[in-house]
1. Assess whether residue 23 counts as being closer than 16 Å to residue 121 by Cα and either in a helix (DSSP H, G or I) or free of Cβ contacts under 8 Å to residues at least 12 places away in the same chain (or both).
2. Take residue 78 and tell me if it is under 30 Å from residue 272 (Cα atoms), in contact (Cβ under 8 Å) with a residue 24 or more places away in the chain, assigned by TED's automatic domain parsing to the domain that holds residue 6 and not in a loop (DSSP other than H, G, I, E, B).
3. So, of the residues in the range 92-104 that are within 18 Å of residue 15 (Cα to Cα) and modelled with pLDDT of 95 or more, which turns out to be surrounded by the fewest Cβ atoms within 10 Å (Cβ to Cβ)?
4. Give the residue, chosen from 51, 43, that is assigned to a loop (DSSP other than H, G, I, E, B) and either outside the structural domain of residue 107 (by TED's automatic domain parsing) or under 19 Å from the mean Cα position of the chain (by Cα) (or both).
5. Under 7 Å between Cβ atoms, at least 6 apart or on separate chains: pull out the pairs that start in the range 87-100 with a residue that is within 11 Å of residue 112 (Cβ to Cβ) and end on any residue that is assigned to a helix (DSSP H, G or I) and at pLDDT 95 or above.
6. Looking at the range 332-344, I want the residues that are in the same structural domain as residue 306 (by TED's automatic domain parsing) and have a partner that is in a helix (DSSP H, G or I) and surrounded by 16 or more Cβ atoms within 10 Å (Cβ to Cβ) with Cβ atoms under 7 Å, at least 6 apart or on another chain. Which pairs are those?
7. Hey, any hits in the range 280-291 for a residue that's out of contact with any strand residue (DSSP E or B) (no Cβ under 7 Å at 6 or more places or on another chain), surrounded by fewer than 21 Cβ atoms within 10 Å (Cβ to Cβ) and in a helix (DSSP H, G or I)?
């Protein structure tokens, strides 16, 4: 019997899906060939997931347009086409369990899977759930959540809500040589910069301008800045490398190695990012993406700020001068970082893999339910 996993559009949906697949594979619930991902062939999941050796099936669904236009007609056509595609895929492979990790590509497999008698599980990584997952929760046997406080946003039986944390991929594709060859003893402080799977132009601009105006400061202070620009913007920023003090790379497939080589991080605050950063106990300066639905990135970051392990500044409150001053304060006053590290020792995070696997074992062994 097969297990379907559906999630796509961004790394924040794709990599937790891959992490769950690795958990399933490592615990011998099913063989790798029996794990099938459902995605959109025109989105990033179609490029990333096959590299990890998993099978894929595709549906043509697209996101709902926020304005009335010709795109609405295209959405309606793709939506109904995807209904038939999803039913066909479910009938062909006959999965016992369907797991959704987010993105519009998860919507139909969960709803149609439940209506066709399959067990269904969804993952809500963010502090504030989106409308799609609030709907899908009613078609799911279990909802995995990353924050205890998220329970209050779901109007379903609380027994269906299980605190797991966010699944983090355990076996990366490659070792990134630009990072693994670093001699840690050369630097007084190592700063990581990352904007999520697609990069973050505003953060990139903040860092670029900081480097331009503080080149001598960076060298004299023996700083290392490992700057992951995102593939989209790499060509615009690669020229700002500074001797051995600023490393500029487009992407990193092995984030574990990245975290091992930094003392402090500047980052967006998608659910996967904040959780992975916290698991690695990295003090953080979060700049939430301001256009995230329900401002959920702010609330993701605020949760960890309230635990004492991060600071949070919204873009609207952050000028270049203020950004520079905050960064220099971290560099000059290492007690800020040490204090955050001490708070990490008090932070208790759930055993994500163990909890998720125990639930999957239960629902893989039982027939699908129609409980709402």
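1. For residue 23, the condition - closer than 16 Å to residue 121 by Cα and either in a helix (DSSP H, G or I) or free of Cβ contacts under 8 Å to residues at least 12 places away in the same chain (or both) - is met.
2. No; evaluated as a whole, the condition is false for this residue.
3. 101
4. Answer to the selection: 43.
5. Listed pairs, sorted by first residue: 87/112; 90/112; 90/113; 98/109; 98/110; 98/113.
6. Correct list of pairs: 336/330; 337/330.
7. No, there is no match, as no residue in the range 280-291 is out of contact with any strand residue (DSSP E or B) (no Cβ under 7 Å at 6 or more places or on another chain), surrounded by fewer than 21 Cβ atoms within 10 Å (Cβ to Cβ) and in a helix (DSSP H, G or I).
To keep it simple, each residue is scored yes or no on (1) modelled with pLDDT under 95; (2) more than 30 Å from residue 101 (Cβ to Cβ); (3) in a loop (DSSP other than H, G, I, E, B); (4) outside the structural domain of residue 217 (by TED's automatic domain parsing).
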| site | (1), (2), (3), (4) |
| --- | --- |
| 247 | yes, yes, no, no |
| 252 | yes, no, yes, no |
| 259 | yes, no, no, no |
| 266 | no, no, no, no |
| 302 | no, no, no, no |
| 308 | no, no, yes, no |
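The values are calculated or read from the model by the stated rules, or taken from the named source; none is laboratory data. Quick caveat, the model's predicted, so the values are computed rather than measured. So basically every Cβ, Gly included, is an ideal-geometry build from the backbone, and we count neighbours across all protein chains shown.
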